[in-house]
1. Shape call for the range 2-86 from the C-alpha gyration tensor, a ≥ b ≥ c root eigenvalues: rounded (a/c under 1.5), prolate (a/b greater than b/c) or oblate?
2. Extending each Cα 7 Å along its Cβ direction at F46 and K156, get the distance between those two points in nm, one decimal.
3. What accessible surface, in Å², does a 1.4 Å probe find on T10, ignoring ligands, DNA and RNA and rounding to the nearest 10?
4. With a/c under 1.5 counting as rounded, go ahead and sort the range 103-173 into rounded, prolate or oblate using the C-alpha gyration tensor (a ≥ b ≥ c being the square roots of the eigenvalues; past the cut-off, prolate if a/b is larger than b/c, else oblate).
5. Determine the gain in length on full extension of the stretch F149-F77; use 0.36 nm per residue of separation and subtract their C-alpha separation, reporting nm with one decimal.
6. Tell me, what is the 1.4 Å probe accessible area of R118, in Å² to the nearest 10?
7. Which residue, F131, F38, F121, tops the fluctuation ranking in a GNM of the chain built on C-alpha contacts under 10 Å?
8. Could you report the range 111-172's accessible area per residue, 1.4 Å probe, as an integer in Å²?
Amino acid sequence: MKEYSSLFLTIIAIFLLLAAGAYFSATFEEQRTFLELFFIAGSLLFIFSVLVIFSAIGFKSFALFLTLFASIVLVIFGIEGTLLVVGMTYIFWGAIFAMEVLLFYNGVVSAQKWFEERYTFKSFRNEYYAFYPMMFMLYILLEWIPHFFYRERLLKFSPHRVLEVMKELLRPE
């Protein structure tokens, strides 16, 4: 964390200087220009953050494509469109990953093969923690709601057990 403190301070200084420029500008046009720069800098910081987060999770090539796509959407539709693209990507990929985890937990062989072909333990663990909320949401949708309405048998789900089994199953990086 100490090595990134100068980066954080630089980013904060940029935003403070832009905000001060907007506040102390003599004319409305200058204020507007500084505010536009403030929001463009925020948008670029958001796009860069998406790149860093997805790269850290393990999507190195996908992170570049998502960043390029998010940048194009940002130019065309603004920050709302970009948030929608990033949010929908998280929801769709998280739902796929969570579904495969639930299938693996219930002993489906094809789900085990899917993880063995695509993941090392490190990449699985990164996605496991990133999509942890999606696993519970899908478990509630697929198990609790049918149990509540149709009185079907409720299958238990222990995500920590999945992580332990995957540690033995997947190759280390």
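1. Taking the square roots of the gyration eigenvalues as a ≥ b ≥ c, the range 2-86 is oblate.
2. For the pair F46/K156, the computed spacing is 4.3 nm.
3. Here the residue's solvent-accessible area equals roughly 80 Å².
4. Here the range 103-173 falls in the prolate category.
5. Full-extension gain reported as 21.8 nm.
6. Accessible area of R118: about 130 Å².
7. Top of the fluctuation ranking is F38.
8. Ligands and nucleic acids excluded, the figure is 68 Å² per residue.
The values are calculated or read from the model by the stated rules, or taken from the named source; none is laboratory data. Remember, predicted model here, so these are calculated numbers, not experimental data. No Cβ is skipped: glycine too gets one built from the backbone with ideal geometry, and neighbour counts run over all protein chains shown. Ligands, DNA and RNA are excluded from the accessible area calculation, which covers all protein heavy atoms including side chains. Shrake-Rupley method; radii C 1.70, N 1.55, O 1.52, S 1.80 Å.
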